[in-house]
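A.B. asks: Shown below is the structure under consideration.
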Amino acid sequence: MNIFKRLFKIGQAEANAAVDNMEDPIRMTEQGIRDLKIDLEKSLESLAQVKALAIRAKNDIEEFTAKADDYQQKAMLVLTKAKNGAIKSEEADELAKEALIRKEEVGLQIKTAKEEEKNYHESVTKLENNVQEVKNTINKWENELKTLKARVKVSKATKNLNKQMAELDASGTVNMLKRMKDKVLQEEALAEAYGDIAKNKKDIDSKLNKAADTTQTTAENNLADLKKQLGIND
């Protein structure tokens, strides 16, 4: 059984198109599995039919064997009756001969039935192997299908991400972000420069205020005047 023939039975055109569309392999694999399940049903039906024939052949063997034994017993019976004088010897011989002839005919039927039974059992074995092979193939491809679906999801997500990454420069997004970053850096540098200017101006004003501060000198002069009034000399 060639699984690839089944998977691509939809047509060569669709098989080629599947290269560009990842949905097709999944659909075709699902179709192949459905076909295999149909084959499995047919194989099981054939298996049941052949098993029925094998059972029938076995029953025929038992039936024919019983008939052969019956003819054998009848031949022995008429000969015994002839020996005992119950029937004439000539008649007994004729009847016994007829019974043995029929036994021989049934023996041929037994032989034919046994050959048929053997052939049926061989066919049953082959069909059972085929059924098991189909079951194993179905299980294998159902597992492959699960893996394939997962891989398709991953490949789609990866493709979309790679496509977005590839289109970043084309859309100008990266350049815009870079310009925004440069703008922010420029604003931060300008703010720092204004801060330095304000700090320098404050330092100069502080120095000027300190140099022009006469509070200490006035306090010293007032203290000296007060001591002078009190007659306190240093």
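A.B. asks: Would you say V19 is β-branched (V, I, T), modelled with pLDDT under 95 and not in a helix (DSSP H, G or I)? Give the steps one after another, and end with the answer.
C.D. replies: Working: β-branched (V, I, T): yes; modelled with pLDDT under 95: yes; not in a helix (DSSP H, G or I): yes.
Criteria met by V19.
A.B. asks: How many residues does region 25-64 hold that are touching a residue at least 12 places away in the same chain (Cβ under 8 Å) and over 30 Å from K153 (Cα atoms)?
C.D. replies: Adding up the residues that qualify gives 15.
A.B. asks: Related question: One residue is enough: does region 50-63 have a residue meeting the conditions buried (at least 16 other Cβ atoms within 10 Å of the Cβ), under 30 Å from R151 (Cα atoms) and not aromatic (F, W, Y)?
C.D. replies: Checked region 50-63: no residue is buried (at least 16 other Cβ atoms within 10 Å of the Cβ), under 30 Å from R151 (Cα atoms) and not aromatic (F, W, Y).
A.B. asks: Here are some residues: N162, N143. Which one is more than 25 Å from L47 (Cα to Cα), surrounded by fewer than 12 Cβ atoms within 10 Å (Cβ to Cβ) and modelled with pLDDT of 90 or more?
C.D. replies: On the way: N162 fails: modelled with pLDDT of 90 or more.
Among N162, N143, only N143 is more than 25 Å from L47 (Cα to Cα), surrounded by fewer than 12 Cβ atoms within 10 Å (Cβ to Cβ) and modelled with pLDDT of 90 or more.
A.B. asks: Sticking with this one: Quick check on A82: is it over 20 Å from I110 (Cβ atoms) and either aliphatic (A, V, I, L, M) or assigned to a loop (DSSP other than H, G, I, E, B) (or both)?
C.D. replies: yes
Results for (1) within 26 Å of the chain's Cα centre (by Cα); (2) acidic (D, E), shown as yes or no for each residue.
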{"position": "I26", "(1), (2)": "yes, no"}
{"position": "S46", "(1), (2)": "no, no"}
{"position": "N59", "(1), (2)": "no, no"}
{"position": "K67", "(1), (2)": "no, no"}
{"position": "M76", "(1), (2)": "no, no"}
{"position": "R102", "(1), (2)": "no, no"}
{"position": "E117", "(1), (2)": "no, yes"}
{"position": "K126", "(1), (2)": "no, no"}
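Matching residues to (1) under 30 Å from the mean Cα position of the chain (by Cα); (2) part of a helix (DSSP H, G or I); (3) at pLDDT 80 or above:
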| residue | (1), (2), (3) |
| --- | --- |
| E122 | no, yes, yes |
| I138 | yes, yes, yes |
| K153 | yes, yes, yes |
| K178 | no, yes, yes |
| E192 | no, yes, yes |
| N209 | no, yes, no |
| L223 | no, yes, no |
| K228 | no, yes, no |
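A.B. asks: Sticking with this structure for a sec: Given the criteria of a type in the set (S, T, Y), assigned by TED's automatic domain parsing to the domain that holds A68, surrounded by fewer than 14 Cβ atoms within 10 Å (Cβ to Cβ) and farther than 30 Å from Q73 by Cα, does T137 qualify?
C.D. replies: No: the conditions fail for T137.
The values are calculated or read from the model by the stated rules, or taken from the named source; none is laboratory data. These figures come from a predicted structure and were not determined experimentally. Here Cβ is always computed from backbone atoms with ideal geometry, including for glycine, and neighbour counts include all displayed protein chains.
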